[in-house]
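Structure record follows, encoded as structure tokens.
The values are calculated or read from the model by the stated rules, or taken from the named source; none is laboratory data. Not measured: the values here are computed from a predicted model. All Cβ positions, glycine included, derive from the backbone under ideal geometry; neighbour counts span all protein chains shown.
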Amino acid sequence: MKEQLHEAWRTNNKINLLFIELISLEDMNKTLSMRGGRTVYEQLVHMHNVRMQWLDITAKEIAKKYKPLSKNAPFNKELLFESFEESGKGIEELIDKSWEKEGKVSSFKKGLIPLLAIRLHMKDITVEIFY
């Protein structure tokens, strides 16, 4: 079961990394909001930062290894890609740490699987943004 969680997380993160790699600069700056909401790039920065926030809440020693992105920083595709790789590794470390505690997660009483499914955007980003 632990390996299945790792594989599901890795697959999710690979899809996000592939999306980041393939999306054009023009599309990265688009938004579907009529009221000036986040661009695709800003959505991805937000996703990374949510991962970092949850790592900080549930596993500070893991969170200290990685850095959030400034939501006001200029577009940097390479940094975004690297950040997703890093926060992806951090979540894998959280899976290992939680597994040793029978799926329990500090400061999130629902446990590891709901944290991954609900809080850490474990879904296909392309569906979230474009559909």
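Okay, here's what the table says:
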quantity: Residue under evaluation Glu21, criteria (1) exposed (fewer than 13 other Cβ atoms within 10 Å of the Cβ); (2) out of contact with any Lys or Arg (no Cβ under 9 Å at 6 or more places or on another chain); (3) among the acidic types (Asp, Glu); (4) assigned to a helix (DSSP H, G or I), criterion not met; calculated: (2)
quantity: Failed item, numbered, when Trp54 is tested on (1) modelled with pLDDT under 95; (2) closer than 22 Å to Leu18 by Cα; (3) surrounded by 13 or more Cβ atoms within 10 Å (Cβ to Cβ); calculated: (2)
quantity: Odd one out for Glu26, checked against (1) over 21 Å from Leu116 (Cβ atoms); (2) in a helix (DSSP H, G or I); (3) touching a residue at least 40 places away in the same chain (Cβ under 8 Å); calculated: (3)
quantity: Residue among Asn49, Asn16, Asn12 that alone is within 17 Å of Lys71 (Cβ to Cβ) and assigned to a helix (DSSP H, G or I); calculated: Asn49
quantity: Residues (in contact with a helix residue (DSSP H, G or I) (Cβ under 7 Å, 6 or more places away or on another chain) and among the hydroxyl-bearing types (Ser, Thr, Tyr)) located in the stretch 64-85; calculated: Tyr66, Ser83
quantity: Test result for Asp56, under 19 Å from Glu85 (Cα atoms) and part of a helix (DSSP H, G or I); calculated: yes
quantity: Residue ID - surrounded by the fewest Cβ atoms within 10 Å (Cβ to Cβ), chosen from residues in the stretch 29-41 that are under 17 Å from the mean Cα position of the chain (by Cα) and farther than 13 Å from Phe81 by Cα; calculated: Arg38
quantity: Residues located in the stretch 83-118, provided they are surrounded by fewer than 17 Cβ atoms within 10 Å (Cβ to Cβ), more than 14 Å from Ala63 (Cα to Cα) and under 12 Å from the mean Cα position of the chain (by Cα); calculated: Ala117, Ile118
quantity: Those residues of the stretch 44-79 which are under 30 Å from Gly111 (Cβ atoms), touching a residue at least 40 places away in the same chain (Cβ under 8 Å) and out of contact with any Gly (no Cβ under 9 Å at 6 or more places or on another chain), in sequence order; calculated: Leu44, Met47, Val50, Trp54, Ile57, Thr58
